[in-house]
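Trainee: The structure's right below; bear with me while I get my questions together.
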Amino acid sequence: MRTEYIRWDSKNGYTDKDCERAADILRSGGLVAFPTETVYGLGGNGLDKEAARKIYRAKGRPSDNPLILHISHTEQLEGIVREVSATAGKLMKAFWPGPMTLIFYKDERVPYETTGGLDTVAVRMPSHEGARQLIEQAGVPIAAPSANTSGRPSPTRAEHVREDLDGKIDLIIDGGSVGIGLESTILDMTEEIPVILRPGFITKEMIEREVGPVRMDPGLIGSDASRKPKAPGMKYRHYAPKAQMTVYEGESERVIAKICEEAEKYPSDKVGILATEETRSSYPHGQVVIAGSRAKHTVGQGLFAALRSFDHLGVEVILSESFSDDEKSEAIMNRLMKAAGQHIEYLEESEYVQ
Ligand code: TXA
Ligand code: MG
């Protein structure tokens with residue numbers, strides 16, 4: 001299949017015909033990749049079983065891993081979910097449109113192909129103008145996982161989508177770099193106390209300010225393999241560059257010293273280092289890739305692109321700083337640790353005592 005390309009930008013939007021073309025493809029069962037404020041999504045008609053199957057096939061995604069339905073106005077909830085609690089209503093008012101996904105019991109009109117066989121359905125209303133216009137024009141809820149090959153880092157630029165899906169889907173909308181760069185926060189609203197199944201830009205504290213206590217899915221915390229995360233997608237190996245990655249956690253100078261020491265064990269072109277603008281000049285040996293700036297809080301935005309670039313560099317091992325000091329650290333560290341296969345070294349002070 002030949003993949004078509006069109007553009008959207010925040011100043012000029014789409015040309016009208018372009019948006020119509022993309023919406024037509026969605027309505028007739030085809031697949032369109034589009035930018036959202038979090039990451040690029042791979043969209044198909046969420047009420048069409050065949051479209052859902054095509055999404056799984058294009059991504060190489062296990063079919064028990066459910067998709068998120070994207071809507072452009074709250075009236076669309078009717079017909080896809082069974083009921084909306086008062087708490088969910090408050091969260092929608094506070095954070096929609098925006099990077100928050102809510103899980104409800106599904107209406108029977110939503111096919112099990114979309115929900116990976118579950119009786120619940122995940123719904124999100126993105127704030128990205130191009131995404132909203134597309135969903136509005138399509139007139140159906142759009143099922144959209146991140147537009148990457150299953151297991152690879154989520155795409156934050158159209159060229160990442162092209163790398164993974166060119167020739168496999170009908171159309172790619174190039175909307176430049178996305179703003180947030182990490183996927184939405186997922187909250188399970190079917191429990192008495194809402195449960196965070198995936199941390200994101202909207203933090204636990206922000207949610208608790210609106211609705212009181214919420215819980216973190218115990219399957220996300222620590223590396224206890226006996227606890228399975230409740231969002232099926234969180235159990236898969238994910239975001240992973242081809243090379244083995246280790247994260248070093250500790251006081252900054254110690255981390256830099258340890259990474260330099262480890263890097264020396266490899267030829268410079270075979271060792272990757274994941275660093276920040278602030279620390280880039282501290283590494284004389286190895287292929288240094290910058291996720292972003294700690295001071296400007298751009299690490300989350302640049303993380304996935306940085307992980308992808310290690311594959312292009314062809315390094316054999318990756319040594320990464322830890323980013324647990326950022327205000328969005330829960331979401332950033334969750335993705336980083338998955339990319340590293342939970343491989344972390346804590347640098348205790350005692351290790352360096354003379
Ligand atoms: O920001 C985002 O959420 C992006 C953009 C495109 O909107 N989408 C995204 O979709 O990240 P995806 O498919 O890559 O991740 C969806 C996650 C998976 O971990 C999946 O298992 C979980 O949501 N999920 C979906 N429906 C669920 C349900 N009914 N119950 C539990 N987890 C669910
Ligand atoms: Mg994904």
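Trainee: Go through (1) surrounded by fewer than 22 Cβ atoms within 10 Å (Cβ to Cβ); (2) closer than 30 Å to Pro99 by Cα; (3) among the charged types (D, E, K, R) one by one and return the number of the condition Glu316 breaks.
Mentor: (2)
Trainee: For the stretch 6-44, give me each residue that is away from ligand 2 (no atom under 15 Å from the Cβ), surrounded by 24 or more Cβ atoms within 10 Å (Cβ to Cβ) and part of a strand (DSSP E or B).
Mentor: Selection gives Val32 alone.
Trainee: Can you work out which of the residues in the stretch 133-149 that are crowded, with 19+ Cβ neighbours inside 10 Å and of a type outside the set (A, V, I, L, M) is farthest from ligand 1 (Cβ to nearest atom)?
Mentor: Here the answer is Gln133.
Trainee: In the stretch 164-188, how many are surrounded by fewer than 23 Cβ atoms within 10 Å (Cβ to Cβ), of a type in the set (A, V, I, L, M, F, W, C) and touching a strand residue (DSSP E or B) at 6+ places or on another chain (Cβ under 7 Å)?
Mentor: So the count comes out to 2.
Every residue, every condition in (1) closer than 25 Å to Glu159 by Cβ; (2) more than 15 Å from ligand 1 (Cβ to nearest atom), yes or no:
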residue: Asn12; (1), (2): yes, yes
residue: Ile25; (1), (2): yes, yes
residue: Gly44; (1), (2): yes, no
residue: Lys49; (1), (2): no, yes
residue: Arg57; (1), (2): yes, no
residue: Ile68; (1), (2): yes, no
residue: Thr74; (1), (2): no, yes
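Trainee: Follow-up. For the stretch 150-161, enumerate the residues that are in contact (Cβ under 8 Å) with a residue 60 or more places away in the chain and either more than 10 Å from ligand 2 (Cβ to nearest atom) or among the charged types (D, E, K, R) (or both).
Mentor: So the first thing to find is which residues in the stretch 150-161 are in contact (Cβ under 8 Å) with a residue 60 or more places away in the chain, and the list is 150-158, 160-161.
Arg152, Thr156, Arg157, Ala158, His160, Val161 - these are the residues of the stretch 150-161 that are in contact (Cβ under 8 Å) with a residue 60 or more places away in the chain and either more than 10 Å from ligand 2 (Cβ to nearest atom) or among the charged types (D, E, K, R) (or both).
Trainee: I need the full set of residues from the stretch 76-107 which are within 15 Å of ligand 1 (Cβ to nearest atom), hydroxyl-bearing (Ser, Thr, Tyr) and surrounded by fewer than 19 Cβ atoms within 10 Å (Cβ to Cβ), in order please.
Mentor: Tyr105
Trainee: Among the candidates Ser127, Ser150, which residue alone is out of contact with any strand residue (DSSP E or B) (no Cβ under 6 Å at 6 or more places or on another chain), under 23 Å from His73 (Cβ atoms), in a loop (DSSP other than H, G, I, E, B) and not acidic (Asp, Glu)? Break it down stepwise before answering.
Mentor: Working: Ser150 fails: under 23 Å from His73 (Cβ atoms).
Answer to the selection: Ser127.
Trainee: Between Glu249, Glu253, Glu277, which is without any contact (Cβ under 8 Å) to a residue 24 or more places away in the chain, buried (at least 16 other Cβ atoms within 10 Å of the Cβ) and of a type in the set (D, E, K, R)?
Mentor: Details: Glu249 fails: without any contact (Cβ under 8 Å) to a residue 24 or more places away in the chain; Glu253 fails: buried (at least 16 other Cβ atoms within 10 Å of the Cβ).
Of Glu249, Glu253, Glu277, the one residue that is without any contact (Cβ under 8 Å) to a residue 24 or more places away in the chain, buried (at least 16 other Cβ atoms within 10 Å of the Cβ) and of a type in the set (D, E, K, R) is Glu277.
The numbers here are math on the coordinates, done by the rules we state, and not lab data. Fair warning: this is a prediction, and the values are worked out from it, not measured in the lab. Here the Cβ is made from the backbone with ideal geometry for all residues, glycine too, and neighbour counts use every protein chain on show.
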